[in-house]
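Quick note: the coordinates plus some simple rules give every number you see, no bench work behind them. What you see is a predicted model, and the numbers here were worked out from it, not measured in a lab. When we count neighbours, we look across all protein chains shown, and the Cβ atoms used for this are built from the backbone with ideal geometry, even at glycine.
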Amino acid sequence: MRFPLIKVLKNGVLVELDYIHPQEQEVVKALLNVVIVEGKTYPQKQPLSQAEFSTYWLSKDAFVVRTSVVDPTYKPKEILGAFYLKPNFPGRCCHICNAGFIVQPGLRGQGIGRFMGEAMLLIAANLGYEAVMFNLVFETNIPSITLWQSLGFEIIGRIPRAAKLENDQMADALMFYRTLP
């Protein structure tokens, strides 16, 4: 598989998906921490330190979607979204991977998540994974649920009252699974 992968978003912006570069790690950590503080999609309650971020996000393969250098609409190489890809389980079950996705809050709904999801499926298969499993997709995260179902994922389980959201609202978490070709 050759990187970067190129795509034109719904808004006409040309973007590239590639492995994260060391100089982009701080921007991705900051974006992840924004998403964590939003309190709607990730299980963490507090922003991650550099060490926690490295352990969680950079333990295996990590990718970013950035603007293309030639796109004058945005600053060159601005990070629009990111995801990690890693085994969901150790040893005999490491052929099942897990991934986590984040998109800049102001850019959601532009096709960045779909681009990352579609690319992740290709990358995961290319890396030898046989299936993808998401452990905790909060039932309140309708955009993610819609995306994963449209990409052929099945809901294989529900964890009742798994997430304590804002104002002590409880949300079930869904488990998604998809085999790879």
TODO: Highest first, please rank the peptides 111-123, 151-163 by the mean number of other Cβ atoms sitting within 10 Å of their residues.
DONE: 111-123, 151-163
Task: Listed pairs 7/77; 29/164; 7/40; 40/77 exceeding 21 Å between Cα atoms - done: 29/164; 7/40; 40/77
Open item on the list: Among 86-98, 21-33, how do they line up by average Cβ neighbours within 10 Å per residue, starting with the highest?
Closed with: 21-33, 86-98
Task: Size of charge dipole - the chain - debye, nearest 20, with Cβ of Lys, Arg +1 and Asp, Glu -1, no other charges - done: 120
- [ ] Report the residue, chosen from 140, 67, 55, that carries the largest GNM mean-square fluctuation when the chain is represented by alpha-carbon nodes joined by springs under 10 Å.
- [x] 55
Open item on the list: Give me the Å³ per residue figure for the convex hull around the C-alpha atoms of the chain.
Closed with: 121
TODO: Give me the aspartates and glutamates in straight-line cross-link reach of residue 10: C-alpha distance below 19 Å, same-chain residues under 8 apart excluded.
DONE: 71, 78, 118
TODO: For the range 1-84, state what percent of all Cα-Cα pairs lands in each successive 5 Å bin, counting from 0 Å until the bin that includes the largest distance.
DONE: 3, 14, 24, 22, 17, 13, 7, 1
Task: aspartates and glutamates with Cα under 13 Å of residue 86, excluding same-chain neighbours fewer than 8 positions away - done: 61, 130
Open item on the list: Can you tell me what share of the DSSP beta bridges in the chain is antiparallel? A percent to the nearest 5 is fine.
Closed with: 95
Task: Cα radius of gyration and Dmax for the range 92-157 (Å) - done: 12.4, 40
- [ ] Divide by every residue of the chain the summed helix terms, -39500 (n - 2.57) for each DSSP H run of at least 4, and state the resulting mean residue ellipticity at 222 nm, rounded to the nearest 500 deg cm²/dmol.
- [x] -8000 deg cm²/dmol
